[in-house]
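Here is the structure we will look at, set down as structure tokens.
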Amino acid sequence: MAYKITDSCVACGTCIGECPVEAISAGDIYVIDADKCIDCGTAQAFARAKQSYRSNSRNDYEKMRSASDGPHFSFTQPIHPPDMKRVIALLLLAAMLPACETPREQFERRIDRILEPCEATVGVAVLAPDGSPISRNDRPMPMLSVFKFPVALAVLDRAVREGIPLSTPVAVGPEWLDSGTYSPMRDSLPPQGGTLPLGRLLAYAVSQSDNIACDRLIDFAGGPGAVDRYLKRLGITEIRITATERTMHLATENQRINTARPSALCSLFDRFLQGELLPQRETDWLRGLLEGCATGQNKLRAGLPPEVCLGHKTGSSDRTPEGIRIADNDAGYVVLPDGQHYCITVLVTDSHHDDARNAGVIAAISEAAYEYFTNTRHKNGRP
């Protein structure tokens, strides 16, 4: 539930600069945008601390004034006790620190403020256009459907190596058509199954996150082990794929099997964009699928201006019997106005929050990253 500002607001402006998602707007009484608020409490905590300081300062001053018997403690000649002088000096220093921070340090501090109130483990990785990394909680975490991106790479790698056109028909028999899983492709086929071009299967898996299409592609690639070996041949050891969608749906805990470090996913997206993994034609074709991704519009996409190019793959799990969401994820790349790109991964693991709050955290980090890169590039004279 979003915070609200009551009519006791004196419009002092304390809260507006502390909100990490810029949800507060000025007025006679300041207003919080409920759609932007991530319920972190940062601005409220800072305002309370400032009010407490004001109250304590006044109380200490009155005590000193009443204990004195000389005119030098009059209101026209206030004297601060020595300990209050130190407090004031520290507050002034604290106020100056943000101005002394580099843009990168401000960006990292903004990420920390977004993550601090989260009742979840949130892995974040950002790979800048110059290749410099920024990360938080960079450790193996469940990917869920984000793993469909490396699956697509492995499939296209085989197609290129063996000269298999994307128009090649692939049979999808009734043995593939599980009923208890998300699959727009299954819903388009008759009960006995059918045949689809390889490229159409890839489009279903990447752009629509179709689980059955993904498993049929894994089979085409040679099984989960073949996909994992493909990644290892690339030197990527921190993405682990050993389970199909069907396996992950056999038990809730199976959804933890396929894992990745956020930084490893950023590296994979970056190498893909640099043209290291596929020929230009296949790279451009897969980019079209990633940039046409229909899922997760309230995640990374929600933190970006609508005209900005985003290529990404989302993923989300079931909830445990205790109501914990095992994973709510988004990973991909953003193309900046000058044509350069950065890669970003946010993996929300073991979350006690509802889906909207999880998505809001991902969107807030996405917004922070975009503002950081666009602002710093403008300052450096880039368009």
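Values in this text are rule-based calculations from the coordinates and carry no lab data. What you are looking at is a predicted structure, and each value in this text was computed from that prediction instead of being measured. Because the Cβ atoms are built from the backbone with ideal geometry, glycine has one as well, and the counts that use them run over all protein chains shown.
Give me D for segment 119-241 in µm² s⁻¹, whole number, from Stokes-Einstein with Rh from the Kirkwood sum over alpha-carbon pairs, 37 °C and 0.692 mPa s. Don't jump to the answer; show the numbers that get you there.
Working: Rh = 16.0 Å.
For the chosen part, D equals 205 µm²/s.
Run through every distinct alpha carbon pair of segment 237-383 and return the Kirkwood hydrodynamic radius in angstroms, one decimal place.
Across segment 237-383, the inverse of the average 1/r is 16.4 Å.
Residue 312: net charge of surrounding residues, Cβ under 13 Å, Lys/Arg +1, Asp/Glu -1, itself excluded? Don't jump to the answer; show the numbers that get you there.
Numbers: positive: 148, 287, 299, 301, 313; negative: 291, 330.
Cβ neighbours under 13 Å give a net charge of +3.
Short version: what are the Cα gyration tensor semi-axes of segment 105-379, square root of 5 times each eigenvalue, largest first, in whole Å?
Numbers: eigenvalues 174, 98, 52 Å².
Computed over segment 105-379, the values are 30, 22, 16 Å.
Taking the Cβ of residue 238 as the center, what net charge do the other residues with Cβ under 11 Å away carry, scoring Lys and Arg +1 and Asp and Glu -1? Write down the numbers at each step before the final one.
On the way: positive: 139, 232, 240, 261; negative: 138.
Neighbourhood net charge equals +3.
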